[in-house]
Structures are given as structure tokens and as C-alpha cells.
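Working notes, structure below.
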Amino acid sequence: PEETVTSSFASFIHAVRPEHLSKTVRHRSKRMILDSIGVGLVGSTTRVFDIALRYCRELYSSVAVSSVYGKPGVKLSPTLAAFTNGVATHSMDFDDTWHPATHPSGAVLPALLAASQMLPTSTKPNGMDFLLAFNVGLEVQGRLMHFSTEAHNIPKRFHPPSVVGTMGSAAATAKLLSLSTAQCAHALGIAASLAGAPMANAATQAKPLHIGNATRLGFEAALLASRGMEANPLILDDIPGCSGFSVFYGVYQPKPLSTPSDHHEFLLEKQDIAFKRFPAHLGMHWVVDAALSVRNLFINYAGSFSPSLIRTIVLKIPVSKYINRPFPSSEHQARHSFQFNACAALLDGEVGLSSFTESSIHRQELRELLDKVVVEHPEDNMANFDKMYGEVALLLHSGDVLTGKCDTFYGHWRKPLSKESLLKKFRSNASHVLPEEKIETIITMVDNLENLSDSSQL
């Protein structure tokens, strides 16, 4: 394969040897090493070092108090439990999505669950405390995303939950820990220095780390702030010549968040959440529903679904490079492929957990359908989860054309899942690791969260 910048770096790292160092390089680098050790030694006398050291001792303490999803009896230190559970939440790209685009719950909930178990019995938050903290985490994420028009479109540079999710986790945990106003500001400032992940790692095993790190690092930011660590108190302001949170956006227009009145309206009130019916990138849900629609037309036309009658499959989708994958070779690529999800829906009449297994991805009949796909990008099909649509057209050898289109899939915030559908999804997912009685207990507990005396029970 053609050498890339990244591969050239990797080749250098692998191949360089001590003999490649000149006398001058060795001399200067030894001076640097000596100086660095010295400043490190004197730095060990500072307060910030004491905070970090104490924190790390607690983080990696042998006292593990926080539970891990799907592993009865396994407990970790709180922030590591948050990280692990965050990774689990996004491991299949099955978690909720908001607009502007992010995955809000996965970046906040694991931190709150772990923190609830961490706190001593005398200060355990109740269910209402927990619910409020969760909504604080959502609100902060939503407000930050509205600071830039860039956030409204399908992302290109960084994965949003790795940025706003980290801030939301910090805010939610700060609320649950009852931090002071100044400490909350510092928690956000610290979190901003821990945020960010590139979109190039989408469709890889690294992408779930974005959620795991967001919930863990936001949690850590709040804990560090609670122990006295400080950060720039203007981190969200637009300061010319010195970027704070604005570093993530070319266009950044922050607005103050007013002090809550008796009737504060959370963004969640104005903007519902999208819940996914199958485990794949949100954009896939439009093309799947369009494909299912045209599949029904095809069966009415031909009596059964017969791929041999199809000459070309035309997908009309928005421009988004990281989810335009003609021939995915792994489950994570398949979850981020318009082409794969459309063809899987056409072939099987559904998309679900089993669609992304190795055997399913590499089926010959599926590959033959993928060979027939042509992609078009109509100008009116915007890369925006509130405005995009999916269209699948089957051009038959007979000359006939069958078309299915979806502008709002079932589960979108404009077309929410019913209570029955959401419960069905939860029971199906939970049944992979929990017995029925525990599944029903969780449903009841969440349904009555406001009345829960100790949120760590959750």
C-alpha cells in the first residue's frame, strides 16, 4: 500500500537506532533530561502534585466499590467503573442520540452510577438528586452544542460526546457531589483540558472509548475540583487570542445560562431524544426504513424478494465520509455503512444484533447486493440529523423503478418510540446478562426513581 504520513511515522519509530543519534543531539538531549528531572523533583513539593497523587492513590485503590454492567460481583474503583460502563454503552453504537448531534446519556449516566456507590452511606443521593444531576449533565451538553452552528451537522473533525459529553459528565458529577459554585466552574475548566477525540476513529474499536473517556474524565474533573484543583474560570467564554472551549469550533458564540427560576425549561423539554431500534450509527436508520419500504413494494411487484431482478440499487444520502463505506469488513465498519445497512435490510427484511456478526457481514448474497449499489448526494439532503432523509431506489432489469423514502424513522425525536417499544428493546438487551426478575426490578426502580431513597441501589 501507498505510504501515508502516519505509516511513515510508524516506520521511523520502528527503525530508528541509537547509532542514528549525533554527538550534538546526545549532548543537548541529556541536558533536557537532567533539567526535566530537576523541575519534576521540585514540582513534587506543590499543592497540585499533592492533589494529583492523592487522587491517583484513591483511583487505583484496592477498595473497589462501583459495579460494572453485566458482571455480577465485579466492582472497580469509581472512575474506572464509569469508564468501563461508558465503553459498554457505546460498544455497539446502540445508545441514544440528541440534536445537535451527540450521545448524551452514555457520557453522564455511568459517572453518576459509580459516584452514587462511591459516596458514604450518610451522604448517598436519593433518586431525585440522581435525576437532577443527570439532567444537569444533559443540559450542559445541549447548551454547549448550541454555541456553534457547526454542531448542528453530522460531525467531521471530532466526535461530539468526547467533547460535550466530558463537560456534561463533569457538570453532572459536580452536582451530585454538591460542589460549590467555584468548584463547578473549575470542574468544567478541568474537563475542557481532558476533552476531544478525532472522527477518524469512528467505525473502529476505539470509538467506544470516546464515551468511556467522556464519562470517566468528566467524573475525574469533578473529583479533582472537589479536592481543590483550579482551572481557568472563563473556560466557556470567548476570549480573543486565548481559546477556551471555543478551540473545538471555528464559529463559537457562547451565551450565558440563566440562573434557574421556579419554572426553568430544560432543553430536553424542547428537544426529545432519538432511540435506536438496532445497533448502528443514527444515519443508518433512515436508509434502513427506506429500504424496508421499497422491499415491501418489490415483494408486491415480484411475489418475493429476488435480488437477481435488480440491476442497480441507488442510495440518495447526505455527504458524510465516515458513514459512506461501500464494502465494510468489520462489525464497526458495518455499523457505519449506509450501503451495508440498506442491503442488509433489503436482503433480510430487518436489521438487528445478528446483522453485524462476522458471518452475516461476509455473506456472498450480501456482497452481491453491495456490488449493485450506487450512491447519490442530492443537494437538498443535508448532513443534519434533523433535516436529512434516506432514499433507496431499485432499478430493475425490466426497466421498472421502485423507490422507498424515509424522512423520519421510527425512534427519531419527531417520531418517538412508544413505551411498549422502548420496554421491548430494554428487556431484549438486558436479557443477555440478567434474569427476568432483575430486569423487571430495574424497570420498576427507574419508573419510580423520584421515590428512591438511595440511588446507589440502581
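Could you work out how far helix 338-348 tilts from the main Cα principal axis of the chain, as a 0 to 90 degree angle to the nearest 10? Around 50 degrees separate the two axes.
Once a ≥ b ≥ c are taken as the square roots of the eigenvalues of the Cα gyration tensor of the range 72-186, is the result rounded (a/c under 1.5), prolate (a/b larger than b/c) or oblate (a/b not larger than b/c)? If you can, show how the numbers build up before the last one.
Working: a/c = 2.33, a/b = 1.40, b/c = 1.67.
Oblate shape, in that a/c is at least 1.5 and b/c is the bigger or equal ratio.
Before anything else, pin down the relative contact order of the range 351-458: Cα pairs under 8 Å, at least 6 apart, normalised by residue count, whole percent.
Once divided by the residue count of the range 351-458, the mean separation gives 10 percent.
Cross-link reach is defined here as a Cα-Cα straight distance under 25 Å, omitting same-chain residues fewer than 8 places apart; for K270 the lysines meeting it are K175, K255, K387, K415, K419, K425.
Considering the chain, its Cα convex hull presents a mean projected area of 28.0 nm².
Mind listing which chymotrypsin sites (Phe, Trp or Tyr not before Pro) in the range 311-356 are in a DSSP loop and have 14 or fewer other Cβ atoms within 10 Å?
Values: sites: Y322, F338, F340, F356; in loops: none.
Passing both the DSSP loop test and the Cβ count: no residue.
Annotation for H397 and V63: the two label points, set 7 Å from Cα along the Cα-Cβ direction, are 7.3 nm apart.
Given a Förster radius of 45 Å and the C-beta distance between L21 and H362 as r, what FRET efficiency does 1/(1 + (r/R0)^6) yield to the nearest 0.05? Working shown, then result.
Details: r = 47 Å, r/R0 = 1.05.
E(calc), rounded to 0.05, equals 0.40.
For the range 282-406, just say rounded, prolate or oblate: build the C-alpha gyration tensor, square-root its eigenvalues into a ≥ b ≥ c, call rounded for a/c under 1.5, and beyond that prolate if a/b exceeds b/c, oblate if not. Oblate, because a/c is 1.5 or more while a/b does not exceed b/c.
Only Cα pairs under 8 Å and at least 6 apart count here; give the relative contact order of the range 282-406 as a rounded whole percent.
Details: 225 pairs, mean separation 52.4, N = 125.
After rounding, I find 42 percent.
For the range 1-63, chymotrypsin sites (Phe, Trp or Tyr not before Pro) are listed when DSSP marks them as loop and at most 15 other Cβ atoms sit within 10 Å of their Cβ; the list is Y60. For the chain, the longest principal axis of the Cα atoms and the long axis of helix 284-302 meet at an angle of about 10 degrees.
Working from label points 7 Å from Cα in the Cα-to-Cβ sense, the I443 to T312 distance is 4.8 nm. Rounded to the nearest percent, how much of the accessible area of the chain (1.4 Å probe, protein heavy atoms only) is carbon and sulfur? Its accessible area is 57 percent carbon and sulfur atoms.
Considering only M229, H397, I37, and ranking their Cα positions along the charge dipole of the chain that arises from unit charges at the beta-carbon of Lys, Arg, Asp and Glu, the one farthest toward the positive end is I37.
What range in the chain is the longest one free of GluC sites (Glu not before Pro) that are in a loop by DSSP and have at most 12 other Cβ atoms within 10 angstrom? That gives 4-264 as the longest site-free run. Using R0 = 45 Å, the C-beta based FRET efficiency linking T181 and S421 works out to 0.65.
Relative to the longest principal axis of the Cα atoms of the chain, the long axis of helix 109-118 makes an angle of roughly 40 degrees.
In the chain, a dipole from Cβ-located charges (positive for Lys and Arg, negative for Asp and Glu) runs towards its positive end, and of G241, I361, V140 it is G241 whose Cα lies farthest in that direction. What is the list of residues in the range 256-293 whose amide nitrogen lies under 14 Å from a point 7 angstrom out from the Cα of M128, following Cα to Cβ? Backbone N within reach: none found.
Take every pair of alpha-carbon atoms less than 8 Å apart whose residues are at least six positions apart; their mean separation over the length of the chain yields a relative contact order of 17 percent.
The values are calculated or read from the model by the stated rules, or taken from the named source; none is laboratory data. All of these numbers come straight from a predicted model, not from anything done at the bench. Neighbour counts are summed over all protein chains in view; Cβ atoms, including those assigned to glycine, are modelled from backbone coordinates with ideal geometry. Keep in mind that these areas ignore ligands, DNA and RNA; they rest on the heavy atoms of the full protein, side chains included. Shrake-Rupley method; radii C 1.70, N 1.55, O 1.52, S 1.80 Å.
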